[in-house]
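Working notes, structure below.
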Amino acid sequence: MTDRTDRTDGRIPCDAGRTPPTAAHAARGAAYRRTARHAALLALALLLAGGAATGCGGRATTHHKPGTSHEQASGSAGTLLPAADAAGHKLREVPAEGAPEVQLAARPDSEDGWNLQLSVKNFRFTPDSTGGAALPGAGHAHLELDGRKIARLYGPWFHLPAAQVPEGAHTLTVRLYADDHTAWAVSGKAVEGTTQLTAPAPGPSGGHGHGHGDSPPTQSPPPGQEQADRTVTITVRDGKVSPAPARTELRRGERVALRVTSDRADTLHVHGYDKELALPAGQEATLILTADRTGLFEVETHESALVLTQLLVR
């Protein structure tokens with residue numbers, strides 16, 4: 001019997017000199033895994049680079065990041081200056097050409113106080129995005145009486161009750177702000193408009209003198225309230241609303257009187273109607289509006305961000 005290992009006929013077995021199949025497969029698998037790993041690392045690097053680029057020069061976010069101030073919002077309009085306006089808001093410098101402009105006019109109201117008109121240029125009011133990034137030519141305004149803020153404005157018209165203006169001559173100022181609460185500025189000065197106002201002494205005949213000075217608020221209905229179809233009386237004390245916020249149902253065309261007393265100075269705002277009213281500390285203030293739009297509209301305070309009621313107009 002002849003052993004295969006002792007063959008001397010010169011023939012080589014067919015499997016001699018070959019790499020076993022299992023070893024070849026292992027080598028190819030290792031090479032494939034190395035290639036896949038390198039491709040994955042390259043893809044991750046490209047993804048991180050793309051995200052960094054978007055964060056630096058991409059689209060501005062609509063809200064500031066947690067832990068940062070409004071002034072640090074990612075809007076890139078203008079240049080944020082270290083200087084601040086009289087109210088402590090930082091200035092956002094923009095070129096004079098195309099910059100926001102505002103003028104202020106005051107007209108006596110036929111029932112009470114004054115109607116203020118803001119005439120703006122290169123500017124639009126954006127109440128829905130307040131608190132977001134600073135976008136060119138957008139934002140809101142602040143109203144000041146002799147340097148004291150009395151309201152935040154989200155539209156070109158505002159009713160100033162006579163009770164908010166003491167007897168004598170005064171200066172009214174409106175200043176334009178971006179959505180991130182920085183003040184628009186040109187050449188280092190805030191964009192603002194002013195007008196002079198003289199309030200007469202209180203008189204028994206009412207009119208513009210009704211409710212002036214430091215006298216206690218009157219208990220008689222404010223002018224025009226007798227024409228209201230519905231009256232809602234609300235009190236704000238220590239951050240709590242009384243009665244608890246609920247829905248006030250109205251038919252379209254009805255007039256509602258909102259009588260609000262707050263223990264701190266604030267501003268009343270009716271969403272959807274762009275109606276606002278200054279709320280002096282400890283004094284009752286009344287806003288009368290005609291419910292000429294259907295839907296659900298929140299009534300809230302600006303500074304304390306409290307929901308007072310909801311107007312459901314059918």
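No value in this document is a laboratory result; all are computed from the given coordinates. Predicted model, so just to flag it, every value in this text is computed and none were measured. Using ideal geometry, Cβ is built from the backbone for each residue, glycine included, and neighbour counts are taken over all protein chains shown.
Overview of values
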{"read-out": "Qualifying lysines (Cα of each under 16 Å from Cα of Lys275; at least 8 residues distant if same chain)", "value": "none"}
{"read-out": "Extension gain from Ser242 to Glu111, taking 0.36 nm per residue of separation minus the Cα-Cα distance", "value": "44.3 nm"}
{"read-out": "Cleavage-rule hits (GluC sites (Glu not before Pro)) in the range 255-310: DSSP loop, at most 15 neighbouring Cβ within 10 angstrom", "value": "Glu303"}
{"read-out": "Environment charge of Trp157, counting only residues whose C-beta is closer than 12 Å and scoring Lys/Arg +1, Asp/Glu -1", "value": "-1"}
{"read-out": "Mean Cα-pair separation over length for the range 72-199, i.e. relative contact order, pairs under 8 Å, 6 or more apart, %", "value": "30 percent"}
